[in-house]
Amino acid sequence: MKQTPKDYYKILGLSDNADMAEIKKSYRKLAMEFHPDHNPGDPASEERFKEITEAYGVLIDPSKRREYDSYRTGAYSGTYGNSSRFDYSQQDIFENLFRNASARQIFEELNREFNRSGFRSGRGFFENMFFSGATGGLSRLLWMLPGPLGRIGQGIRLIQLVGTSLFALNQLRKTHQKTSTDEGQKPHPLTGSLKGLFGKTSKTSPLDINFQITLTSSEADRGGKKEISYKAGEELERLRISLPAKIRTGQKLRIKEKGYKKNGRRGDLILSFLVRQQ
C-alpha cells in the first residue's frame, strides 16, 4: 500500500495553483518564523525548518512539481497509476535544490536576514541543517557529479553554496599544502577560492572586533541572556546579549555597530563561542 504523501502546498500555506513568486514569498516568511534560534524552547522547529525547505525544493522545481502533483492527485483519490510516482527522499530533494542555481538564490537572501536578526547563519548553519554537518554529506554530493576532476571542482563549488564542513576544508587545505611542500608545487587553486554563496555577509572591517566567549555545555544548550564586557579602544563596553540554544564551538554571532569607532562610523562585534564540557 502506498503511503499518502506530505501535502507540500499545505506545509507552505499555498493553494494548488500558487506561482513561483508566491512559493518564494511563503518560504522566506516561514524560514524566518521557524529558524531554530527564533524558537529556542521548541525542539521541533528544526524539523519544521527542514520540512518547509523540502516543500520549497519540490514546488519550486517545475519537473518535480509535476511529478508530485500527479502522485498527490492519485494518492488522495485512490487511483494510483504507473505514472503516479514520487519517491524522492528529503535528502534527495535538498541535494537537487542546491544544484538548482535559480532555486538556491533565496538562501543568500535568507542568510542576510538571519545575520541581521542575530540568528545562526552562513555556510556552517546551512550545511549542518541540511546535510547533517558531516563530511559524509560532502562526499556524497561530490560523488554524484560526473568526471574525476569535475567531480572535485564542481562539488566543492556546490558545497560552498550550502555550507561546508570546516574540518573537511582544513583537511583539504593541509593535504594540498603538504603536496606542495613535498613536490615543489604551488598549493591547489581550489583552496584559495572557496568563497561561498554566503561570503558577502561574512566580510570583516578593520573596525570590527572579534571577541571569544567561553560557555559551559549547559549554558550552550539552553541559551538565554548573558552579560559580557569588552574593550572597544579605550572604552569598556557592557552588553546583555541573547544567546540561541544549542550553541556549538566555532559558531559566530555578529552584533551590529558595537565595534571600534572612527570618523563617525562603527564596526560590528563578532562573537565566537568556545564550549567547554562540564
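One residue stands out among those in segment 235-255 that are free of Cβ contacts under 8 Å to residues at least 40 places away in the same chain and in contact with a Phe, Trp or Tyr (Cβ under 7 Å, 6 or more places away or on another chain): the one that is surrounded by the most Cβ atoms within 10 Å (Cβ to Cβ), which is ILE247. The requirement of being touching a Pro at 6+ places or on another chain (Cβ under 8 Å), within 20 Å of HIS38 (Cβ to Cβ) and outside the structural domain of ASP42 (by TED's automatic domain parsing) is fulfilled nowhere in segment 258-267; no residue meets it. Helices (runs of 4 or more DSSP H) fully within segment 22-132 that include at least 1 residues being touching an Asp or Glu at 6+ places or on another chain (Cβ under 7 Å) and over 30 Å from SER218 (Cβ atoms): 90-99, 101-104. For segment 92-121, a tally of residues being more than 22 Å from ILE60 (Cα to Cα) and crowded, with 19+ Cβ neighbours inside 10 Å returns 3. Counting only residues that are among the hydroxyl-bearing types (Ser, Thr, Tyr) and assigned to a strand (DSSP E or B), segment 210-232 holds 4 of them. Would you mind stating whether ILE106 is of a type in the set (Val, Ile, Thr) and more than 30 Å from ARG254 (Cα to Cα)? No. Scan segment 264-278 for residues that are closer than 17 Å to ILE209 by Cβ and surrounded by fewer than 17 Cβ atoms within 10 Å (Cβ to Cβ) and the total you get is 3.
The values are calculated or read from the model by the stated rules, or taken from the named source; none is laboratory data. It should be emphasised that the depicted structure is a prediction, and the values quoted were computed from it without experimental measurement. Note that each Cβ is placed from the backbone with ideal geometry, even for glycine, and that neighbours are counted across all protein chains shown.
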